[in-house]
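Written out below as structure tokens is the structure these notes cover.
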Amino acid sequence: MDDQALERYSRQLLVPGFELEGQERLLQAKVLVVGCGGLGALAAQYLAGAGVGRLLLVDPDIVEISNLSRQIAYTEADLGLAKSEVLARRLLAMNSSLRVEHKVTCFDATSGPELLAGVDAVLDGTDSHATRQLLDRLTAAAGLPWFMGAAVQMAGQSIAFSGQRAEGCYHCLAPAASAEWGGGCAALGILGPVVGMVALQQTLDLINALSHAAPVPWGVLRQFDFRTGDRMALTLQRRPGCELCCDKRDGAPV
């Protein structure tokens, strides 16, 4: 790192366990952010601020006025523009030393393998159970960690999955399509700070995983009720016979 980088990251370099080695790991890492809405856009800003060296942003959508109450990376001037493109420009304006790419596309079975090439970790900013199951399958096959988050109304949840899936997988947690959040934010509503709280938990887990600054609670589902202030942590258990992380012949972990 040069003197300017040392000054830019000076405050986080002081954090015990993070220090210079953690910063170097971040600068050398590449993170894929799938979805540039409430979760992904905020997470990407913190990842750029922290100095994750390469970011790939993927989202097929444009900025709409209903996004602005919670997707605070965007402004009225961005209405009608591709979210991933606007966010990429915003991140480079924050930190021009980074490499930021964007793709105005869906993460699906066709695009997914190519998007994951050369990536060190994946942050999920989607609101789709089907996309999360696909992320689970493809990142497990590639041995990549991914960081899931979801939020609706005044509740949220997050969980981190390791590349090895020793703790289980998303298919263990939510095997059926009924696991959707009952229509998502468009149908049920959301308060912006709720999304922010979940995104920050995802981002902190990801930064800890890349930098080795602190242990990551792999496979621990954190659930937040911001109406009551209640929080709960549940340790994931491998589901016998899981089609992703257990052997189909006898249900034993692979």
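No value in this document is a laboratory result; all are computed from the given coordinates. Remember, it's a predicted structure, so these values are computed and weren't measured experimentally. All Cβ positions, glycine included, derive from the backbone under ideal geometry; neighbour counts span all protein chains shown.
A few comments on the model shown:
- For segment 211-228 and segment 81-150, distance of Cα centres in Å: 20 Å
- With contacts taken as Cα pairs under 8 Å and at least 6 residues apart, the chain reaches a relative contact order of 19 percent.
- Residue-by-residue Karplus 3J(HN,Hα) for segment 217-226, coefficients 6.51, -1.76, 1.60, Hz, glycine and proline x: x, 4, x, 9, 7, 9, 10, 10, 10, 7
- Ordered by the number of other Cβ atoms lying within 10 Å of each residue's own Cβ, fewest first, C246, C106, C36 fall into the sequence C106, C246, C36.
- Value at 222 nm in deg cm²/dmol, rounded to 500, when DSSP H runs of n ≥ 4 in the chain each add -39,500 (n - 2.57): -10500 deg cm²/dmol
- DSSP H segments from the chain that extend 24 Å or more along their own axis, Cα-based, with Kyte-Doolittle mean of 0.0 or above: 192-211
- Mean projected area of the Cα convex hull of the chain, taken over all directions, amounts to 13.7 nm².
- Peptide packing: for 215-222, 197-204, the average count of neighbouring Cβ atoms within 10 Å per residue gives the ranking 197-204, 215-222, highest mean first.
- If the convex hull is drawn through the Cα atoms of segment 20-81, its volume per residue in Å³: 77 Å³
- FRET efficiency for the pair L68 and R11, taken as 1/(1 + (r/R0)^6) with r the Cβ-Cβ distance and R0 = 25 Å, rounds to 0.25.
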